[in-house]
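First up is the structure itself, then whatever we jot down about it.
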Amino acid sequence: MTRDTAPHTSSLNSDPLSTTNPPEHWVKREDALPPKMSSIHAARCLLGSTVKSTRAVAVGRTYATKQVVAGRSLAQKTKSSSFRPSRRNDAGGEGSAKKERSTGAFQTMSPTSLTAEIFKDRGADELVLPTFRPEALTQDKVATAMKFPVADTNPMRAFGLPKNIATEFQLLSKPFSVIRDVTLKVLGRLDSANNKSSFHSRMVLTGSQGCGKSYTLLQAVQYAAASNWLVFYFPYVIDTVNSSTSYTYDPRTKTYLQPAYAAQTLQNFLTANSRLLQELKTPGDVPIDGRAPIQGGTPLTELITIGAKDPSSAPAILSALMGILSKQTDYPVLLAIDAFQALYCKTSYKDPQFSTIKSYHLSMPRLLLEYASGKKSFARGAVIGALSASNTTFSAPIELRESLKLGNGTANSYIKRSPVLVSYAEGLTKITVPEALSEREAASLFDVWMKDKAISRDSGDELFMSKYSEAGGNPRDFVWKGFLATITL
Amino acid sequence: MNVLGVGRSSFRTAVAALRNTQTSRALATTARPYVPPASLEHVAPPRPRRSRIKTKPESSAFFTGRAGYYDSIDSLESAIHHSQRALKNLHLLPLPAFAKEALPPLQTVWKTKEDMSELLSAKLTTSRYRRVTGLLGQLNDHRRVADVGGYAELSSGLSSVLETFERDNKDAVLARGIRKPVKFDEYGRSYTVGKRKESAARVWIIPVKQRAAPAPTETQAASPDFGTVDPISIDSDPTAAVSMTEVLVNGMPLAKCFPLPADRERIIRPFRLTGLLGAYNVFAIVRGGGTTGQSGAVAHGIAKGLAAHVPDIELILKRSKLIRRDPRMVERKKTGLAKARKRYAWVKR
């Protein structure tokens with residue numbers, strides 16, 4: 001097929017081998033989800049968070065701040081050099097929809113020619129789940145599956161999700177979770193923490209790998225958001241200590257600031273809580289380095305916007321905001337931290353002398369540690385952390401394990417405990433998430449996946465019981481190594 | 001007419017005279033030579049010659065050289081003949097086809113060729129041995145017919161004949177290959193051993209105590225103490241909890257001990273095939289080998305234990321090759337080869 005025979009006249013070509021224009025029904029790259037889901041950033045933007053929010057968490061270990069603004073023109077970058085780097089589209093993935101290339105061995109097919117059953121629409125939605133609402137969460141609702149609301153202001157969308165949960169929600173038609181006894185326990189604690197200082201309500205969810213700590217934390221976040229709490233949710237706080245975000249030394253506070261992460265956090269917080277923040281105002285002046293202090297009486301939304309737009313002032317604004325929120329009593333504040341143990345671990349950051357920077361010398365971990373340890377507290381609110389065993393580089397250190405009485409070699413008196421970390425781990429209460437789902441909870445979970453057509457409809461009790469027995473009731477093993485991994489359906 | 005020209009009577013006289021001379025005359029050939037007494041001083045006197053009594057041999061088949069063999073052939077054949085006659089009189093022979101099929105199978109353990117040779121005190125060749133065992137087989141058949149027909153005397157008589165030809169360790173030989181029955185302890189637990197490659201597993205299986213007792217129905221038979229499997233449907237009673245099979249290996253839950261889904265599935269497979277999920281719990285101690293071998297050993301032990309608890313499912317497990325100990329083992333390295341099968345690179349020169 002030579003160029004001479006290819007028709008050039010019409011833009012709408014029925015000839016699939018035409019190389020001039022791609023046919024209309026091809027999904028354009030800009031509209032599609034990012035192609036590579038392997039990066040955590042891409043997974044977190046899965047539920048449609050704004051483009052800017054993804055790119056604001058920049059990659060790199062540069063000493064100075066680094067802003068990567070989405071959609072920067074290629075011309076600016078390649079002015080002096082002849083090298084043409086690959087074009088990055090808005091979603092951060094490589095490749096461009098506008099690049100014209102031949103289809104090679106693969107030919108396009110019109111949607112009308114896809115007549116097989118598997119391509120047909122679901123039609124009547126088989127999966128009918130009740131919505132996760134605070135009023136609906138009673139004791140008799142244990143072992144029922146409830147879907148999460150998917151508004152844009154949902155903390156799930158604003159802050160993102162842990163990678164494994166994001167992958168599951170990608171596979172499902174509706175993000176959901178199963179209500180367990182431990183869920184009601186945690187939500188009960190939240191209710192009791194409503195009118196108390198957060199000093200008295202600092203909880204950590206513990207349990208074995210894959211038992212459901214992150215899911216329980218997510219349920220707590222959703223409950224708080226629906227109950228008019230101000231919510232801070234950190235789905236993967238390891239990003240603050242694994243040197244994936246920029247850091248600068250601040251001589252005034254003698255700590256390392258993380259401006260990009262702070263700016264991102266402010267933006268996410270604003271997105272999630274803008275409705276409640278309308279009424280709140282700054283009580284007094286907020287001083288910021290390098291610019292005029294922000295006047296008292298400024299609406300908090302404006303304060304946050306300033307910080308989100310200007311990363312250099314974001315850490316100061318974030319700590320000021322936290323201070324304001326900790327004093328106000330209009331709304332309780334929830335600080336939810338997943339992979340909580342990372343705050344107590346050795347970081348991957350290095351100072352100019354190449355010694356490791358402690359976590360409490362970085363602005364973001366320090367801020368979180370202060371509220372988690374009770375050194376600072378919200379007038380109304382709670383701090384909930386969830387341990388995560390997924391990342392073995394950042395596993396719970398001995399100070400935290402001793403504070404939570406986790407066992408596993410904490411009786412070793414030959415290991416040095418850092419007194420600073422011990423003080424930061426004081427007063428944490430442990431909530432153990434049960435290792436195994438009850439049979440009814442597992443049945444609800446299985447039911448949802450089956451109705452969502454992840455498993456064949458013909459599989460029933462035998463598959464369920466065998467996979468439950470193999471996993472020993474462990475939720476992650478039951479789903480991922482169980483019915484999603486087996487070929488003997 | 002006499003050729004000699006001598007009369008008959010004279011001939012007879014001549015013969016008698018000859019005879020007479022033979023008895024009294026000392027012939028040179030038969031007479032003993034003279035030996036002076038002095039030479040005989042150191043020689044023992046000759047023993048008196050007894051007249052040779054020719055005893056009749058015990059067996060008429062003595063001069064065959066294989067008396068025992070031919071005698072036994074004779075006696076067996078006569079026994080067959082007599083028993084056949086007897087059975088015919090009792091109308092037990094010839095049997096119709098359906099009766100022949102209904103007879104219990106013959107389990108014969110005759111003596112080996114060497115033992116038979118010793119018994120019959122005659123070295124047996126293969127064909128002779130086969131002839132003996134053929135006859136024994138026929139006689140055994142008659143004994144079986146008599147036994148099934150209810151004629152105990154005849155049967156016992158034939159048995160006594162056949163017993164001498166059977167091996168001493170007949171029971172042990174017949175018991176070979178039959179699995180020993182699995183014993184249950186006072187708690188109703190079965191104890192079995194499973195093996196795969198280099199792994200050996202000791203497996204205890206106990207029935208799950210059903211939490212919600214089902215309402216007794218008329219159709220429910222009197223249940224034994226252990227091993228009842230009453231299915232509970234979650235639809236019939238939504239509040240009733242359905243029990244699940246719990247497996248502990250070396251003290252650890254199954255999920256912790258075997259992280260690979262394939263190993264876990266291998267262990268649960270006996271339950272799945274037999275539909276006994278949720279009916280039994282398992283505790284196993286396994287040693288040796290690697291993860292897959294250990295999981296195979298546990299599965300083997302579970303299969304044997306389940307067959308002990310519920311004998312009906314043994315056929316299912318047999319057909320799916322779970323009861324059989326997987327005989328595959330690591331093949332040895334051979335000389336001249338790099339590994340068991342891998343050859344060294346061929347070099348032309």
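The values are calculated or read from the model by the stated rules, or taken from the named source; none is laboratory data. Keep in mind that what you see is a predicted model, and the values were worked out from it rather than measured. In this analysis, Cβ positions are derived from the backbone assuming ideal geometry, glycine residues included, and neighbour counts consider all displayed protein chains.
Against the list (1) touching a residue at least 12 places away in the same chain (Cβ under 8 Å); (2) more than 12 Å from every other protein chain (Cβ to nearest Cβ); (3) surrounded by 14 or more Cβ atoms within 10 Å (Cβ to Cβ), the condition B:Leu248 fails is (2). Report yes if A:Ser413 is outside any helix (DSSP H, G or I), surrounded by fewer than 22 Cβ atoms within 10 Å (Cβ to Cβ) and within 14 Å of chain B (Cβ to nearest Cβ), otherwise no. So A:Ser413 does not fit the description; no. Of the helices (runs of 4 or more DSSP H) contained entirely in the range A:127-204, those carrying at least 3 residues that are under 16 Å from A:Val448 (Cα atoms) fall at A:163-171. Here the range A:467-489 is the region considered, the condition is being farther than 15 Å from B:Leu277 by Cβ and among the basic types (Lys, Arg), and the residue that is nearest to the other protein chains (Cβ to nearest Cβ) is A:Lys481. Answer with yes or no whether A:Glu439 is within 10 Å of chain B (Cβ to nearest Cβ), surrounded by fewer than 22 Cβ atoms within 10 Å (Cβ to Cβ) and touching a Phe, Trp or Tyr at 6+ places or on another chain (Cβ under 8 Å). Yes. Filter the range A:157-197 down to the residues that are without any contact (Cβ under 8 Å) to a residue 40 or more places away in the chain and more than 20 Å from A:Arg133 (Cβ to Cβ) and list them by number. Scanning the range A:157-197 gives no hits.
Yes/no per residue for (1) within 30 Å of A:Asn164 (Cα to Cα); (2) outside any loop (DSSP other than H, G, I, E, B):
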position	(1), (2)
A:Tyr249	no, yes
A:Leu266	yes, yes
A:Arg291	no, no
A:Gly297	no, no
A:Thr301	no, yes
A:Ser313	no, yes
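Of all residues in the range A:128-155, those being in contact (Cβ under 8 Å) with a residue 40 or more places away in the chain and within 24 Å of A:Asn474 (Cα to Cα) number 9.
Taking the range A:315-336 as the search range and keeping residues that are assigned to a helix (DSSP H, G or I) and hydrophobic (A, V, I, L, M, F, W, C), which one is surrounded by the fewest Cβ atoms within 10 Å (Cβ to Cβ)? Here the answer is A:Ile324.
In the range A:377-395, is there at least one residue being more than 14 Å from chain B (Cβ to nearest Cβ), in a strand (DSSP E or B), on the phi > 0 side of the Ramachandran plot and surrounded by 15 or more Cβ atoms within 10 Å (Cβ to Cβ)? There is at least one residue in the range A:377-395 that is more than 14 Å from chain B (Cβ to nearest Cβ), in a strand (DSSP E or B), on the phi > 0 side of the Ramachandran plot and surrounded by 15 or more Cβ atoms within 10 Å (Cβ to Cβ).
Any residue at all in the range A:450-466 that is touching a strand residue (DSSP E or B) at 6+ places or on another chain (Cβ under 7 Å) and within 12 Å of another protein chain (Cβ to nearest Cβ)? No, that holds for no residue. Residues in the range A:416-426 include none that are within 14 Å of chain B (Cβ to nearest Cβ) and polar (S, T, N, Q).
Of the residues making up the range A:346-355, not a single one is out of contact with any Gly (no Cβ under 7 Å at 6 or more places or on another chain) and part of a helix (DSSP H, G or I).
The single condition among (1) assigned to a loop (DSSP other than H, G, I, E, B); (2) surrounded by fewer than 16 Cβ atoms within 10 Å (Cβ to Cβ) that A:Glu462 does not satisfy is (1).
Checked against (1) touching a residue at least 40 places away in the same chain (Cβ under 8 Å); (2) over 23 Å from the mean Cα position of the chain (by Cα); (3) not assigned by TED's automatic domain parsing to the domain that holds A:Pro311, A:Lys358 meets all criteria but (3). Cβ-Cβ distances below 7 Å connect the following pairs, each with a first residue in the range B:85-96 that is part of a loop (DSSP other than H, G, I, E, B), a second residue that is aromatic (Phe, Trp, Tyr) and surrounded by 11 or more Cβ atoms within 10 Å (Cβ to Cβ), and a separation of six or more residues or different chains: B:Leu90/B:Tyr151. Count of the range B:127-156 residues, restricted to those that are over 26 Å from B:Ser117 (Cβ atoms) and surrounded by 15 or more Cβ atoms within 10 Å (Cβ to Cβ), is 9.
Remark: pairs (first residue in the range B:328-349, on the phi < 0 side of the Ramachandran plot; second residue of a type in the set (Ser, Thr, Tyr) and surrounded by fewer than 10 Cβ atoms within 10 Å (Cβ to Cβ); Cβ separation under 9 Å; 6+ apart in sequence or on different chains) = B:Leu337/B:Tyr344; B:Ala338/B:Tyr344.
Selection of the range A:425-438 for residues being over 16 Å from A:Thr183 (Cα atoms) and of a type in the set (D, E, K, R) yields only A:Glu426.
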